[in-house]
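The values are calculated or read from the model by the stated rules, or taken from the named source; none is laboratory data. Values in this document were obtained by computation on a predicted structure and should not be read as measured data. Reconstructed Cβ throughout: ideal geometry from the backbone, glycine too, with neighbour counts over all protein chains shown. Ligands, DNA and RNA are stripped out before the accessible areas are found, and what is left, the full protein with its side chains, is counted by its heavy atoms. Shrake-Rupley method; radii C 1.70, N 1.55, O 1.52, S 1.80 Å.
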Amino acid sequence: AELDDRQVYRVSHRLGKDAGNRAVRIAYLDALFDAGWQHEDGRQASILWRELARLKLEAGDTPRAIAAAGRVRAADDIVRMRIDKRYDAVVAALPPEQLDIGKAAASELALLEAAVQHEPRRLERVMTLTYSLLDLGQWQRVLDICDGVLKTAADAGKNAPYDDADKYLIWIRDHRSRALVHMGRIDEAAEAWEKARRLPEHGHDNVSQTINLAVLYGQMGRTDKAL
């Protein structure tokens, strides 16, 4: 059966909070690794394999650590391995092309773009793509994509061509605001977040974007608004 990406990560995260669960967490990650698990959109679960590599190194199992690190493809996880001395043994063993951050970022971006094309009705795919574009500093492109989605949704109304708009349309709005912040359009970002936070989050009050807006107000020195 297919595993939900978020649930897989949530289990790993919770196991990692308690040192007493260390053996269980390693067994969990080992099982995912041996099963060849990856994201639905074709990306490797790089953060999990990086964690597995670290745990195996600490346990003295360098060959398994190298095997786990060999599946790390995300640019940010490659950066973490390159700057964290604990990973020196696996970094030395990996082929140089795998450690090329620019190539890794371009490769992952291509997978995300393909996923959007393959499943145009899933806003979750667009959300993941814009996350990556934000990390890459492609803020104008994030703004263009988000504006396009929001216009399509507004024009189509209840007939919008997205199956998961109730879950992810607010995050398209969130990423639009983040892009505006990076572009120096702070007041526009605040106004956009103010509108977004009044929309429901999973059927309840929108806590996430209320917090995001409060953080922005704090950074602007408008502490009364933040409070």
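Data overview
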{"quantity": "Residue that is modelled with the lowest pLDDT, among those in region 51-108 that are surrounded by fewer than 16 Cβ atoms within 10 Å (Cβ to Cβ) and of a type in the set (Ser, Thr, Tyr)", "calculated": "Ser107"}
{"quantity": "Failed item, numbered, when Glu119 is tested on (1) open to solvent by less than 60 Å² (accessible area, probe 1.4 Å); (2) of a type in the set (D, E, K, R); (3) in contact (Cβ under 8 Å) with a residue 24 or more places away in the chain", "calculated": "(3)"}
{"quantity": "Residue count, region 29-50 (criterion: assigned to a helix (DSSP H, G or I), open to solvent by less than 50 Å² (accessible area, probe 1.4 Å) and more than 19 Å from Gln98 (Cα to Cα))", "calculated": "3"}
{"quantity": "Residue tally, condition in a helix (DSSP H, G or I), open to solvent by less than 30 Å² (accessible area, probe 1.4 Å) and out of contact with any strand residue (DSSP E or B) (no Cβ under 7 Å at 6 or more places or on another chain), over region 170-208", "calculated": "11"}
{"quantity": "Criterion (free of Cβ contacts under 8 Å to residues at least 12 places away in the same chain and β-branched (Val, Ile, Thr)) met by exactly one of Ile66, Ile83", "calculated": "Ile83"}
{"quantity": "Ala160 vs. criteria buried (at least 18 other Cβ atoms within 10 Å of the Cβ) and small (Gly, Ala, Ser)", "calculated": "no"}
